[in-house]
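Comments concern the structure below.
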DNA sequence: CTGTTAGCGCTTTCAG
DNA sequence: CTGAAAGCGCTAACAG
């Protein structure tokens with residue numbers, strides 16, 4: 001069976017307290033003799049002693065556990081999780097991931113489990129900011145970083161999101177700078193099954209619009225193309241619209257739908273980026289891998305992960321409320337789909 | 001501050017034991033009166049009592065925590081994590097993810113933290129099966145599911161992997177069935193920085209070879225095309241080779257490199273799937289999204305996640321050694337890149 | 001039907 | 001320099 005501290009103490013002929021001091025490296029401070037120290041350490045080693053940190057956590061009231069709750073593990077959240085995990089590990093914290101699948105019930109259940117486990121902090125994209133179970137956070141004083149949607153809470157908290165207006169603006173500005181004059185905005189209503197997604201889409205559309213107007217270029221509702229993803233012929237219609245209406249630039253709400261449309265355009269013989277330039281959003285792996293590779297607006301994920309983790313630990317350490325918002329600035333990642341010099345295409349992604 | 005059991009016991013004028021029974025739904029078994037039960041429950045409710053399960057775990061010696069250790073969170077491991085998390089949640093277990101980044105040192109450190117936390121089980125792709133820290137698993141009797149590489153261990157354990165020979169065989173067989181006669185095998189040496197990856201690649205190549213030979217078709221080393229991913233012109237050379245040597249089918253070790261090559265082929269005016277058919281491996285998102293969408297061999301991830309979780313819980317429940325191996329069978333997901341009827345292309349992915 | 005009590009494994013104050 | 005003992009929050013004999 002697993003060795004415990006009391007056994008080590010017994011084998012080393014010291015008290016359990018002494019053993020504790022030694023294995024915790026406090027022998028100096030406590031003035032334990034070199035001899036006893038070595039004896040204890042040697043016995044611990046040969047017994048393969050691994051202290052039960054949970055017992056320690058219980059005693060200390062800190063559990064060295066934080067949780068990340070998100071709708072599901074997409075590419076985006078996987079990257080975030082990875083970054084958070086790395087930073088947390090440096091402080092000897094582990095991280096629990098929970099998918100809510102956009103269900104308030106699941107969220108409530110999971111949150112309860114997590115609080116019962118006494119997580120020291122939480123990073124969450126809440127399903128519904130009005131959900132009553134979020135009050136548990138305040139009541140249990142769980143330091144929380146809200147992402148995308150903020151729930152009112154009296155617990156230590158911080159709110160972070162991306163500047164989506166800027167996402168749209170940058171995408172359009174990039175096309176304008178590359179010489180586009182008739183820019184379409186590609187969106188997909190099917191994405192918008194959740195209120196906060198709708199807000200994101202609208203902000204991006206507005207940003208796009210603002211950039212165009214600022215440049216004195218036309219933009220109105222007729223420039224918005226909607227893909228109904230459940231309808232497989234829809235890509236073709238969109239491509240036709242781009243050709244018929246002589247758009248020379250497309251901003252898409254997301255990379256994946258753009259890749260479809262670009263694929264069809266090329267099949268129709270429209271050269272990209274020569275005749276039409278395209279820029280997506282979210283800078284997914286797909287944008288990097290498709291042919292031609294797709295320029296895309298990056299939401300700074302690594303930076304987000306860092307900001308979240310740092311804010312969370314600051315709250316964990318000080319139990320201090322950090323009520324201000326953080327808006328993270330996006331930036332364009334240029335690839336072949338908006339290249340000026342066609343020769344650049346040769347080099348591949 | 002957070003309410004604890006003793007406080008609600010006091011407020012309800014019952015002993016702490018009675019309160020415990022009530023909040024744990026054991027009032028029937030213990031014959032607690034309806035009145036006291038309601039009183040306790042009511043007070044617990046209005047105090048917002050959330051039991052400290054960690055204390056309970058300590059008492060019971062079960063911590064309701066399992067860990068997943070993998071090189072990093074790729075698409076693949078994200079999906080796996082998601083599935084495991086779902087199944088674990090149903091048993092009120094949470095899951096900790098740790099990335100090893102292929103470093104033995106990291107693995108050792110993380111494993112120590114996890115064992116110190118007394119995880120009840122582990123799913124791991126070990127960095128190096130000879131690493132001494134893996135002995136901790138046996139010594140601490142941590143039920144373990146090994147993935148891809150198996151370390152010898154006396155702890156309860158199970159080994160799972162995919163049948164990679166079959167992956168290659170299926171891919172080639174699919175092309176043959178679609179009428180291909182000259183099949184190339186696309187590989188990328190840069191992938192093979194890790195021994196187990198080399199084994200996977202070779203198994204796939206052999207499977208591919210076996211299928212072709214069985215069908216009486218030629219296959220030798222000259223049919224193997226190697227992409228050096230660090231060299232951007234390499235895609236073009238590969239495409240040239242395919243054209244010059246009149247290959248009519250390509251099996252790729254992975255989807256991403258295939259997508260590149262397919263992209264270049266189309267630029268060269270080679271119609272896919274009419275002139276050349278292509279099938280990748282791993283069935284990544286990319287295969288689904290690219291144009292034309294790429295047929296790919298799926299490694300049954302969901303099934304893997306389920307098998308792993310079930311085996312792990314069986315071991316956790318029975319502390320029983322499950323030493324046999326499980327080989328999961330892959331299958332082909334057909335998409336446009338191997339379509340027989342070009343009309344099928346119209347429908348999109 | 002309810003309460004007392006001895007732990008789970010570890011930390012830490014306080015005495016010696 | 002070392003040890004006894006209380007306690008983190010909860011569970012579960014055992015006693016009444």
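Kindly list the number of the only condition in (1) at pLDDT 90 or above; (2) under 24 Å from residue B:142 (Cβ atoms) that fails for residue A:2.
The single condition residue A:2 does not satisfy is (1).
Kindly provide the set of residues from segment A:1-24 that are over 12 Å from residue A:44 (Cβ atoms) and assigned to a loop (DSSP other than H, G, I, E, B), ordered by number.
Result: A:1, A:2, A:13, A:15.
Go through segment B:48-62 residue by residue and tally those that are in a loop (DSSP other than H, G, I, E, B) and within 10 Å of DNA strand C (Cβ to nearest atom).
Within segment B:48-62, residues that are in a loop (DSSP other than H, G, I, E, B) and within 10 Å of DNA strand C (Cβ to nearest atom) number 1.
Look at residue B:307 and say whether it is away from chain A (no Cβ under 13 Å) and under 30 Å from residue B:90 (Cβ atoms).
yes
Going by what's in this entry, would residue B:51 be described as more than 19 Å from residue B:142 (Cβ to Cβ) and more than 10 Å from every other protein chain (Cβ to nearest Cβ)?
no
Looking at segment A:229-251, which of its residues are at the interface with another protein chain (Cβ under 9 Å from one of its Cβ atoms) and surrounded by 21 or more Cβ atoms within 10 Å (Cβ to Cβ)?
Selection gives A:235 alone.
Output the residue which, of all residues in segment B:76-96 that are within 7 Å of chain A (Cβ to nearest Cβ) and more than 23 Å from residue B:318 (Cα to Cα), is surrounded by the most Cβ atoms within 10 Å (Cβ to Cβ).
B:78
Tell me, which residue of segment B:87-103 that is in contact with a helix residue (DSSP H, G or I) (Cβ under 8 Å, 6 or more places away or on another chain) and in a helix (DSSP H, G or I) is farthest from residue A:94 (Cα to Cα)?
In this case the residue turns out to be B:87.
Among the residues of segment A:206-228 satisfying the criterion of being modelled with pLDDT under 95 and within 17 Å of residue A:258 (Cα to Cα), which is surrounded by the most Cβ atoms within 10 Å (Cβ to Cβ)?
Ranking the candidates gives A:227 first.
For a quick check of your reading of the model, give me the residue pairs whose first member lies in segment B:20-32 and is more than 10 Å from DNA strand D (Cβ to nearest atom), whose second is in a loop (DSSP other than H, G, I, E, B), with beta-carbon atoms closer than 9 Å and at least 6 apart or on different chains.
The qualifying pairs are B:27/B:33; B:32/B:14; B:32/B:26.
Search segment B:116-138 for residues being within 13 Å of chain A (Cβ to nearest Cβ) and out of contact with any helix residue (DSSP H, G or I) (no Cβ under 9 Å at 6 or more places or on another chain), and hand back the single one that is nearest to residue B:312 (Cα to Cα).
Looking at residues that are within 13 Å of chain A (Cβ to nearest Cβ) and out of contact with any helix residue (DSSP H, G or I) (no Cβ under 9 Å at 6 or more places or on another chain), I get B:119.
For segment A:97-115: of the residues being surrounded by fewer than 17 Cβ atoms within 10 Å (Cβ to Cβ) and at the interface with chain B (Cβ under 10 Å from one of its Cβ atoms), which is nearest to residue B:54 (Cα to Cα)?
A:112
Output the qualifying pairs, or none if there are none: Cβ atoms under 7 angstrom, residues six or more apart or on different chains, first residue in segment B:252-271 and within 8 Å of chain A (Cβ to nearest Cβ), second residue surrounded by fewer than 21 Cβ atoms within 10 Å (Cβ to Cβ) and in a helix (DSSP H, G or I).
Note: pairs meeting the criteria are B:264/B:236.
Looking at B:73, B:66, B:43, which is the one that is surrounded by 19 or more Cβ atoms within 10 Å (Cβ to Cβ), within 12 Å of chain A (Cβ to nearest Cβ) and outside any loop (DSSP other than H, G, I, E, B)?
After ruling out the rest, the residue left standing is B:66.
Output the residue which, of all residues in segment B:21-30 that are surrounded by fewer than 19 Cβ atoms within 10 Å (Cβ to Cβ) and more than 14 Å from chain A (Cβ to nearest Cβ), is nearest to DNA strand C (Cβ to nearest atom).
Once the filter is applied, the top-ranked residue is B:30.
Can you confirm whether segment A:145-154 contains a residue that is at pLDDT 90 or above and more than 17 Å from the chain's Cα centre (by Cα)?
Checked against the condition, which is being at pLDDT 90 or above and more than 17 Å from the chain's Cα centre (by Cα), segment A:145-154 yields no hits at all.
Which condition from (1) more than 14 Å from chain A (Cβ to nearest Cβ); (2) exposed (fewer than 15 other Cβ atoms within 10 Å of the Cβ) is the one that residue B:12 breaks?
(2)
Of the conditions (1) near DNA strand D (Cβ under 8 Å from one of its atoms); (2) out of contact with any helix residue (DSSP H, G or I) (no Cβ under 8 Å at 6 or more places or on another chain), residue A:10 fails just one. Which one is it?
(1)
Return the residues of segment B:46-63 that are exposed (fewer than 15 other Cβ atoms within 10 Å of the Cβ) and either farther than 30 Å from residue B:96 by Cα or more than 8 Å from DNA strand D (Cβ to nearest atom) (or both); say none if nothing qualifies.
Those that are exposed (fewer than 15 other Cβ atoms within 10 Å of the Cβ) and either farther than 30 Å from residue B:96 by Cα or more than 8 Å from DNA strand D (Cβ to nearest atom) (or both): B:46, B:48, B:61, B:62.
Would segment A:37-46 turn up any residue that is in contact with a helix residue (DSSP H, G or I) (Cβ under 9 Å, 6 or more places away or on another chain) and within 11 Å of DNA strand C (Cβ to nearest atom)?
yes
So residue B:290 clears everything in (1) within 14 Å of chain A (Cβ to nearest Cβ); (2) under 21 Å from the mean Cα position of the chain (by Cα) except one condition, right? Which one?
(2)
Residues that are modelled with pLDDT of 95 or more: which strands (runs of 3 or more DSSP E) entirely in segment A:233-344 hold 3 or more of them?
So the answer is A:249-252, A:277-281, A:295-298, A:331-333.
So which residues in segment A:220-232 are outside any helix (DSSP H, G or I) and touching a strand residue (DSSP E or B) at 6+ places or on another chain (Cβ under 7 Å), if there are any at all?
If the condition is that a residue be outside any helix (DSSP H, G or I) and touching a strand residue (DSSP E or B) at 6+ places or on another chain (Cβ under 7 Å), then A:224, A:225, A:226, A:227 are the ones that fit.
What do you reckon, is residue A:281 in the same structural domain as residue A:338 (by TED's automatic domain parsing), within 19 Å of residue A:175 (Cα to Cα) and within 23 Å of the chain's Cα centre (by Cα)?
yes
The values are calculated or read from the model by the stated rules, or taken from the named source; none is laboratory data. Computed from a prediction, not measured in an experiment: that's the story for all the values here. Quick reminder, even Gly has a Cβ in these numbers, built from the backbone with ideal geometry, and neighbours come from all protein chains shown.
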